[in-house]
Each structure stands twice: as structure tokens, then as C-alpha cells.
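None of the figures in this text is laboratory data; all of them are computed from the coordinates on show. Source: prediction; values computed, not measured. Cβ atoms come from the backbone with ideal geometry, glycine included; neighbour counts cover every protein chain shown.
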Amino acid sequence: MVWCGKPPGLVNPDQGVVKKSSNLAWKKVPFAHILSKNLSGIPVHIENISNAAALGEKAYGIGKGYRNLIYLNVSIGIGGAGIIIDNSVFRGARGYAGEIGHVPMTVYDGPPSAHADGKAAWKPFVEFPLC
């Protein structure tokens, strides 16, 4: 049996590490190892939530039978995109190809950026309020 997890944030599935999670204030947390240890040694694989959703759609949903697809994760905001090319998750050069919520943009008018490095990103401008 293998347990799969999808923590929020930037993950490295090969290392089982959450590189950064703004939601949980995590940096370089060996999440797969910690979870496996707490599950009596059951192997754990972690994956980015948008990639996991794209793989689910490819295996069981509307993406079944297609070699390529893009899953756009939109809920209360822009989560990201799971990109599958030739039946494999496309991660890009640094492993974060689908992290579109923090794509830099030029702001001509509007609220100040919520991006951690002070640059503007489109995520704060398209998020929906909870109430």
C-alpha cells in the first residue's frame, strides 16, 4: 500500500519535501518522511495539488484517453495548473511549471501586491472573497 499526499505549496515529489508553503509557513519540510514514519512506515508520495488533480482527471475523469491536458485549479482563487504532456506531468526546469498564481505582472492601477518579494502577481487580483 502507498499513501499519497498533496500538501499546499511548492513540493519536490522526488525528494518528498515541501520546499515552501505560505499557508503553513513551512520551508524545506520532509513531509513524505514524517508522514510515512507516522503511518508505521507505509510509503508516502507527495505531489502538488494541481498536478495530483490533473493525474486524477487523466486516469478517471474527462482527461481519460488524452495524452495532453491542462487542469486549471480555481476555487477561492487561482491555485495553479497541472500540466500533462505525452502522459507525464510537465514540471519545467525548476519543477514549478504550473505555479501560475504567482506569475509576475505589471500593475498600472489597483491594490498593492500581496507577493512575498514585493513584485506584483495576478493571484491577489483574481481571488474571490469567502463571504
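How much length would be gained if the chain were fully extended between Lys28 and Arg91, taking 0.36 nm per residue of separation minus their Cα-Cα distance, in nm to one decimal?
On the way: separation 63, 0.36 × 63 = 22.68 nm, distance 1.83 nm.
Here the answer is 20.8 nm.
In terms of modelled amide H atoms, which long-range or inter-chain residues lie less than 5 Å from the amide H of Gly61?
For Gly61, no residues qualify.
Quick one: which residues, 5 or more positions from His45 or on another chain, have an amide H under 5 Å from its amide H? H modelled 1.01 Å from N in the peptide plane, none for Pro or chain starts.
For His45, whose amide H was placed from the backbone, the distant partners under 5 Å are Trp3, Cys4, Gly5.
Tell me, what ³J(HN,Hα) does each residue in segment 18-23 have, in order and in whole Hz, if you take phi through Karplus 6.51 cos²θ - 1.76 cosθ + 1.60 with θ = phi - 60° and put x for Gly and Pro?
Calculated HN-Hα couplings, in order: 7, 5, 7, 10, 5, 4 Hz.
For segment 1-47, what proportion of DSSP beta bridges, expressed in % and rounded to the nearest 5, is antiparallel? Walk me through the numbers before you get to the answer.
Numbers: 6 of 9 bridges.
So the antiparallel bridges amount to about 65 percent of the total.
Can you pull the Rg over Rh of segment 1-47, Cα-only, Kirkwood? Write down the numbers at each step before the final one.
Values: Rg = 10.0 Å, Rh = 10.4 Å.
Ratio of gyration radius to Kirkwood radius for segment 1-47: 0.96.
Starting from the 7 Å offset along Cα-to-Cβ, what nm value, one decimal, do you get for the label separation of Gln15 and Leu72?
Modelled inter-label distance: 3.2 nm.
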